[in-house]
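Asks: Mind having a look at this structure? Questions to follow.
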Amino acid sequence: MLAATLVSLGVVFLAELGDKSQLMTMTYALRYRWWVVLSGVAIASFLVHGVSVTIGHFLGMTLPERPIALGAAIVFLLFAIWTWRESRDNGDEEVRTAVAPRHVLLAIVSSFVLAELGDKTMLATVALASDYNWAGVWIGATLGMVLADGVAVAVGVVLHKQLPERFLHRAAAVLFLLFGLWMLFNGALGWHLAAIAITAAIAAVAVIAGVVAVIRLRRAPAPEVGPMEPSPDRS
C-alpha cells in the first residue's frame with residue numbers, strides 16, 4: 001500500500017504541474033479565501049480519484065467525455081459571467097469574505113469534478129488502480145493533487161495582495177471564459193484548431209489589456225494628503 005501511495009502521489013503531482021487544474025485553483029484563490037479554495041480542491045480530488053479507482057480497479061469502464069466536457073464548459077462560462085458582473089461592484093473585502101464560505105465551496109467542488117473527469121490525471125489514476133493497491137492509489141492521488149494545487153493557491157494569495165480587487169476579478173472572469181471556451185470547442189465539439197485559435201486570440205487580447213491596465217494604475221498619481229494641522233501647545 002505504501003508503494004502505491006508514493007507512486008500515485010508522484011505521478012499525479014507531476015501530471016498536475018502546469019495543468020489547467022492549477023490555473024483554475026489560482027483563479028479561485030485570486031478571489032476567495034485560501035482555505036475555502038484548498039478545501040474545495042481536497043474534496044473534489046477525493047471524489048474524482050475515488051471514481052478513478054472504482055473505474056480502474058472494480059469496473060474497468062470509461063466515461064463519456066463529450067457530455068462531461070459540455071457540462072464543464074457551461075459551468076465555467078457561467079462563472080465567467082458571474083465574476084465579471086461582480087467586478088463591476090465595489091468588490092470590497094467584506095463582500096468577498098461573506099460570499100466565499102457559503103456558496104463558493106460547492107462551486108469549486110462541482111467545477112473541479114467536471115473538469116477532472118476524463119482528464120489525463122484521472123486516466124493516470126485509473127491505470128495505476130488497475131495495477132496497484134486501490135486504497136494506496138486513492139490516497140496518493142488525492143494528496144498529489146492537493147499538494148500541486150496548493151502551490152497554485154499560494155501564487156493566487158500573493159497576487160491578491162499585490163493587485164487591485166477589480167483587476168483580479170476581471171482577470172479571473174477572463175480565465176473562466178478561456179476554460180469554458182476550451183472545454184466547449186476542444187472537449188465537447190472536438191474542434192481542436194478552432195479551440196486553439198479562439199482561446200489564443202482572447203488570451204492575447206486579455207494580456208494586452210491587462211498590461212495596459214497595470215501601466216495605467218502605476219502611472220496614476222497618488223492621492224494628495226492635506227497638510228497636518230499643528231497640535232495645540234500644551235505648555
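Asks: Can you tell me which residue is nearest to residue 177 (Cα to Cα) among those in the stretch 204-232 that are of a type in the set (A, V, I, L, M, F, W, C) and modelled with pLDDT under 55? Break it down into steps so the answer makes sense when it comes.
Replies: First, the residues of the stretch 204-232 that are of a type in the set (A, V, I, L, M, F, W, C): 204-209, 211-215, 217, 220, 222, 225, 228.
Those left that are additionally modelled with pLDDT under 55: 222, 225, 228.
Details: 222: 33, 225: 40, 228: 48 Å.
Once the filter is applied, the top-ranked residue is 222.
Asks: I've got another one for you. Which one of the conditions (1) surrounded by fewer than 21 Cβ atoms within 10 Å (Cβ to Cβ); (2) in contact with a Ser or Thr (Cβ under 6 Å, 6 or more places away or on another chain); (3) of a type outside the set (D, E, K, R) does residue 145 fail to meet, given that it meets all the rest?
Replies: (1)
Asks: Then there's this: Do we have residue 2 as farther than 18 Å from residue 75 by Cα and surrounded by fewer than 18 Cβ atoms within 10 Å (Cβ to Cβ) here?
Replies: Criteria met by residue 2.
Asks: A further question follows. Return a yes/no flag: does the stretch 188-203 have any residue that is under 16 Å from the mean Cα position of the chain (by Cα) and at pLDDT below 85.
Replies: Residues of the stretch 188-203 that are under 16 Å from the mean Cα position of the chain (by Cα), as a first pass: none.
Scanning the stretch 188-203 turns up no residue that is under 16 Å from the mean Cα position of the chain (by Cα) and at pLDDT below 85.
Asks: Only one of (1) among the hydrophobic types (A, V, I, L, M, F, W, C); (2) surrounded by 14 or more Cβ atoms within 10 Å (Cβ to Cβ); (3) modelled with pLDDT of 85 or more fails for residue 117. Which number is that?
Replies: Of everything listed in (1) among the hydrophobic types (A, V, I, L, M, F, W, C); (2) surrounded by 14 or more Cβ atoms within 10 Å (Cβ to Cβ); (3) modelled with pLDDT of 85 or more, residue 117 misses just condition (3).
Asks: Moving to a separate point now. If I filter the stretch 17-40 for residues that are part of a helix (DSSP H, G or I), more than 13 Å from the chain's Cα centre (by Cα) and crowded, with 18+ Cβ neighbours inside 10 Å, do I get at least one hit?
Replies: Narrowing the stretch 17-40 to residues part of a helix (DSSP H, G or I): 20-29, 34-40.
Filter again for more than 13 Å from the chain's Cα centre (by Cα), leaving 35.
Now drop any that are not crowded, with 18+ Cβ neighbours inside 10 Å, which leaves none.
The answer is no; no qualifying residue exists.
The values are calculated or read from the model by the stated rules, or taken from the named source; none is laboratory data. All values derive from a computational prediction rather than experimental measurement. Note that each Cβ is placed from the backbone with ideal geometry, even for glycine, and that neighbours are counted across all protein chains shown.
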